[in-house]
Amino acid sequence: MWLRFAITDVVPNKPGMGAITIVLPVGLALSTVKKEVTEKYTGVGEVSIEVEILASLTNERIGVAIDRRPGGKIEGFTKWGAVETAFEFWAMRLRTWLDETRGRE
């Protein structure tokens, strides 16, 4: 099996902006409203991934996936926190999927 990954739309956090939206009540209110509208807090980054799975002998496409992960408020305190959290999430999901797939042999 071949796995092709494309990491796209990487947006780093803005730690200062994220801190302001937690400390100031007005900032928190605006960030909460933005989260409801855009699914992303103010000052928090995001990243997308595209995956294609191919059969190694035939190059036949087995599956594809696209996912976008916006960060949460906690990940917003470091510049790349949302991106690192997304990579950890995807790595764990891939590992689980590979383990389950191997178990079906």
*Local electrostatic count, Ala65, Cβ distance below 12 Å [Lys/Arg +1, Asp/Glu -1]*: +1
*Could you state how much accessible area Leu98 has, in square angstrom rounded to the nearest 10, with a 1.4 Å probe and all protein chains kept in place?*
60 Å²
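Given a 1.4 Å probe and heavy atoms of the protein chains only, how would you sort Met92, Met1, largest accessible area at the top? Present the calculation step by step, with values, prior to reporting the outcome.
Details: Met92 125, Met1 100 Å².
So the residues, ranked largest to smallest area, are Met92, Met1.
The values are calculated or read from the model by the stated rules, or taken from the named source; none is laboratory data. Values in this document were obtained by computation on a predicted structure and should not be read as measured data. For neighbour counting, all protein chains shown are included, and Cβ atoms are generated from backbone atoms with ideal geometry for every residue, glycine included. Areas reflect the complete protein model, heavy atoms only, side chains present, ligands, DNA and RNA absent. Shrake-Rupley method; radii C 1.70, N 1.55, O 1.52, S 1.80 Å.
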